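Below is one structure; the comments refer to it alone.
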Amino acid sequence: MAGIREIAKRAKVSISTVSYALNGSDKVSKKTRDRVIKIADDLNYTPNLAGQTLKKQKTNIIGVYVSDFGGYFYSHIIDGISKKLKEFGYETIICSGGKKARLFLPQKLVDGAIIIDPRFPDDDIEKYAMQGRRIVLLRAGASKGLVSHVLVDNKKGSYSAIDRLSIFKKQTIILVTGPSDSFDSQQRLQFSLERLAHHNILNYRIFKSDFTIDGGKSVAQEILKNGFKQASIFSFNDEMAIGIYDIFKQNHVDLSEFNIVGFDNDEISSYLVPSLSSINYSKHHWGQVAAESLLEMINGGKVSDKIINTEFLERASTSKE
């Protein structure tokens, strides 16, 4: 692969002139810049990002760390992040579950990171933050004051779900949790139990799952095995609720006997029959706020925490009294 020395030789100019031309500097004329760029293209020249990073101490790239690429959840968040960053000249690289990708931060191959992945060790996050890396967490973890947190208001969402389901007094309330390492699932369980105690409701069950449609299907099968003919179900995300719907319909269960609330208000929720009540918030806005928080830090702003508002969105799955 050709380097700037070869380009300079072909263009019969100095290496510094090539560098200025390739970086769009006005220190060279447009004619010279166009000629150098044409030669670089002919030689299939590719800039050395690592070298540029060492020189400039900046890449204009942000790392977004997720646990996986499955389901509907991440797409809207990532879209919000990438569009906001693009407004300010930054590109986004998505990293999933790898130790090597985590080293982009200390090696300064990215200018900052937005972390959702629960498996990214807090000790590493704190260490990198203390080294001056700019980090925003979309989950709990790491010492406050070192990184910014942008979190969904799980308390308000969980309280409003339990408040709605508490109206159906004769029904057992079933809580369907996400993965044990999920901060959001842990919070939703904690706040749901708090609200159940507030209403003096002792008739509840907890079924553990994993935030996937298949996980919801497994829970639905357990619910049926336990002999439930009716119940009020709070699924800690919409994907599991979709799985519950699927198994109930396969087994000809009368869905009018169940009151079901999800969390996340995924687009498909309004198309289910009956349409799914859910805790609504904008995942796209969540991503935008995370990006804005990181940009503030990169530009010298202070570490800060922000909360994304949630609200109960009533649909047919809880509209009967």
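Summary of values
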| quantity | calculated |
| --- | --- |
| Mean Kyte hydropathy of -1.0 or more with a Cα span along the axis of at least 15 Å, helices from DSSP in the chain | 73-87, 183-198, 213-225, 238-250, 283-298 |
| Total formal charge among the other residues, if their Cβ is under 12 angstrom from that of residue 81, Lys/Arg +1 and Asp/Glu -1 | 0 |
| Environment charge of residue 220, counting only residues whose C-beta is closer than 15 Å and scoring Lys/Arg +1, Asp/Glu -1 | -2 |
| Set of aspartates and glutamates near residue 38 by C-alpha distance (under 18 Å), chain-local residues within fewer than 8 positions excluded | 6, 26 |
| Added length on full extension, which subtracts the Cα-Cα distance from 0.36 nm per residue, residue 14 to residue 140 | 40.2 nm |
| All-pairs alpha carbon distance profile, the chain, 20 Å steps from 0, percent | 29, 43, 21, 8, 0 |
| Choice from 80, 227, 301 with maximal GNM fluctuation in the chain (Cα, 10 Å cutoff) | 227 |
| Cα centre as origin, Lys/Arg/Asp/Glu Cβ charges: region 168-316 dipole, Debye | 600 |
| The chain, accessible surface, carbon-and-sulfur percent (1.4 angstrom probe) | 51 |
| Beta bridge orientation in the chain: antiparallel %, DSSP, nearest 5 | 10 |
| GNM flexibility winner over the chain from 259, 226, 203 (Cα, springs under 10 Å) | 226 |
| Local electrostatic count at residue 26 - Lys and Arg +1, Asp and Glu -1, tallied over other residues with Cβ under 15 Å | +3 |
| Whichever aspartates and glutamates have a C-alpha closer than 16 Å to that of residue 108, once near sequence neighbours (fewer than 8 apart) are set aside | 91, 124, 126 |
| Links that overshoot a 21 Å alpha carbon limit, given the list 156/217; 170/229; 144/302; 86/156 | 156/217; 86/156 |
| Taking all pairs of distinct alpha-carbon atoms in region 148-257, Kirkwood radius in angstrom | 14.1 |
| Of 100, 144, 283, the one that fluctuates the most in a GNM where the chain has Cα springs shorter than 10 Å | 100 |
| Reach of residue 155 by Cα under 18 Å, taken over lysines that are not fewer than 8 positions away in the same chain | 283, 306 |
| Helix-derived mean residue ellipticity, 222 nm - over the chain, DSSP H n ≥ 4, -39500 (n - 2.57), to 500 | -13000 deg cm²/dmol |
| Rounded Å value of the spacing that divides the Cα centres of region 21-44 and region 278-301 | 37 |
| Rounded, prolate or oblate (a/c below 1.5 giving rounded, otherwise prolate when a/b exceeds b/c) for region 211-308 by Cα gyration tensor | prolate |
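The values are calculated or read from the model by the stated rules, or taken from the named source; none is laboratory data. Just so it is clear, the structure is predicted and the values come from calculations on it, not from any experiment. All Cβ positions, even for glycine, are placed from backbone atoms using ideal geometry, and neighbour counts span all protein chains on display. The accessibility values were calculated without ligands, DNA or RNA, using every heavy atom of the protein model including side chains. Shrake-Rupley method; radii C 1.70, N 1.55, O 1.52, S 1.80 Å.
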